[in-house]
Structure formats: structure tokens, C-alpha cells
Amino acid sequence: MTTGAVLATGALTAVPAQAVTTPTITAKGGYLMNGATGATLFTKSADTKRLTASTTKIMTAKVVLSQSNLNLDTKVTIRKEVSDYIVSKGASSARLIVGDKVTVRQLLYGMMLPSGCDAAMSLADKFGTGTTVKARTANFIGKMNTMAKSLGMTNTHFDSFDGISNGSNYSTPRDLTKLARSAMKSTTFKSVVKTKSYTAKTITKTGATRTMAAWKNTNALLGWNGTLGIKTGSGTEAKYCLVFAATLNGEQVMGAVLTSSSEANRTADVKKLINYGYARI
């Protein structure tokens, strides 16, 4: 058969998966999987332990949403210790106000959209066990590590509820993608992380309603080429990180990049991986 005849029959229209060029990313670590099957599509130092920054909050949300008999409308009073923590760490904040009553659902949005460490601490305090804030948050971090083990995250350890490391908070691109795949099975989690903006109405000390300034999602990729989330992270040492999920035409990809040198490079890396994943599936 001549080449022309082959072209006429359309026999060359389907590009075999192996013909797709493997992308080069600037991030020090990266991983990509088929979200439906869990099959590996791309690795770059995928099992090297690195700082996770605020991608840690995915696990905080996972632990909260795994609580038995969870009521998302339960109100949590914002403690002064939370405000003190944010000030002492110079941490990213949802600007929660001491004394306000905020629902668990609202705290999840406050943690995952503007990356509020105040929301993360309030959740850890609420769902940890102990007689003091310090004891309860430490207990909650223990639950995070127990969950990591149960998910097969063999190269992961948490020492904080928000990613502000106390010297031993690390994971890998492969482990964080395992976590993402598990977390995205929760309809609540999925709806939170794909939200671009959320306005919470909290209850003040006097019983009045406070309308908070809108929380904007730090993930600029939302909506691009089917991107559904999941969580950004950044820090002086961690640099720029992103755990992501995207679905297009029934094809699901999930992955993570850690230690990108800039926000722009992180975005470019993730776009390359998502496009590569779609082409491979």
C-alpha cells in the first residue's frame, strides 16, 4: 500500500501513546498519574522527600472530612490562640476574627482557597483531642500521619497542620498525588477546591451576622483545560508547589510539582504535565 493510500484510509490519524514527547519541567520533583486507573504517566524525582508548604492542607482537609458523623454546619469559635499563631508566624490568613463562630464548611473554604493557616489551626483544634490547644493540634497532626500511612504515603511525615514546617514536614510528588486521588473522592472536598471565590457569613460575639471579604482561590489554573484544583503551596525553602487534578473529555489526570523556582515556572510545568497526560491516556 502506498503512503498516499494509507493517508486516504485514515490509518495514520491515531498517534500511538509512545509517540508523545515526554515534557521537561523546571520543578525539582514531579509526578503525574491517570486519575481513573492510578497508572503512572510521568516521574521526576517522584520519591524524593521535599518540603510541601501549604499543599499540607490537603491532608488537613482529608482528616477532617474522614471524621465519623461529621456535621459541616457545626460552628467553631475562633480562639485568640489562632490569631496569636498567625501573627507570630506571619502566616497566610483567611482573616478570621477572634470570637466569631464559623462553620466547619466555611473553615474548609477558608483553608483551601486563600490558604488560611488560621482556618487550618481552627480545624486542627476542633478535631484533635486534648485539654489545651497545643495538645489538640498535636493530636490532630498525629491523625494526619496515621492517615498518610493508611494511604501508603511511605515517604511522608507531617509536623504541622498547615505546612509551616517545624523541621520535619515533608512528602514527595508521588505521595501527594496518592493523597489527592483519595481526597478527590469526597464530593465536599472536590466542590471546595474547584471554587474560585467564596463569601462566608459568620456569627459575631453579639450574635450579628458578619459578611467576610470574599476568599479568592490561590490556584490561578482553575478552569484551564479542565483543571479542577487542588492546592498551591509556597515558601522560602519550599519554593513553589502545586498538587493538581484535571478532567477533559472523560480523561482524568492528577499530579504534583514540588520546588518550582517561580510561580510562572510552576504554572508552565503543570500545564505541560496536564497536556501530556491527556495525550498519553
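The values are calculated or read from the model by the stated rules, or taken from the named source; none is laboratory data. Just so it is clear, the structure is predicted and the values come from calculations on it, not from any experiment. Neighbour counts are summed over all protein chains in view; Cβ atoms, including those assigned to glycine, are modelled from backbone coordinates with ideal geometry. The accessibility values were calculated without ligands, DNA or RNA, using every heavy atom of the protein model including side chains. Shrake-Rupley method; radii C 1.70, N 1.55, O 1.52, S 1.80 Å.
Based on protein heavy atoms only, the range 102-245 ends up with 39 Å² per residue of surface accessible to a 1.4 Å probe.
Placing a label point 7 Å from the Cα of Thr48 along the Cα-to-Cβ direction, the residues of the range 144-176 whose backbone N falls under 12 Å of that point are 173. With contacts taken as Cα pairs under 8 Å at a separation of at least 6 residues, the range 15-66 carries a relative contact order of 24 percent. Under the simplified labelling scheme, the Lys28-Lys89 pair shows an inter-label distance of 2.1 nm, with each label point 7 Å from Cα along Cα→Cβ. Using the beta-carbon distance between Asn71 and Ile97 and R0 = 22 Å, what value does 1/(1 + (r/R0)^6) give for FRET efficiency, to the nearest 0.05? Using R0 = 22 Å, I get an efficiency of 0.45.
Please tell me which of these pairs span more than 18 angstrom C-alpha to C-alpha: Lys134/Lys231; Lys62/Lys178; Lys101/Lys205; Lys80/Lys134? From Lys134/Lys231; Lys62/Lys178; Lys101/Lys205; Lys80/Lys134, over 18 Å: Lys134/Lys231.
Solvent-free Debye calculation, one equal scatterer per alpha-carbon of the range 175-281: log10 I(q)/I(0) at 0.17 Å⁻¹ equals -0.82. Over the chain, the alpha carbon radius of gyration divided by the compact-protein estimate 2.2 N^0.38 Å works out to 1.09.
Ligands, DNA and RNA left out, the accessible area of the chain computed with a 1.4 Å probe is 51% carbon and sulfur. If R0 is 22 Å, the Cβ-Cβ spacing of Ser191 and Thr40 corresponds to a FRET efficiency of close to 0.20. Would you mind checking Lys126/Lys271; Lys143/Lys185; Lys196/Lys239; Lys196/Lys272; Lys201/Lys239; Lys190/Lys216 for any pair whose Cα atoms are more than 25 angstrom apart? The answer is Lys126/Lys271; Lys201/Lys239. Helix content alone sets the calculated 222 nm mean residue ellipticity of the chain: runs of n ≥ 4 DSSP H residues at -39500 (n - 2.57) each, divided across all residues, give -11000 deg cm²/dmol.
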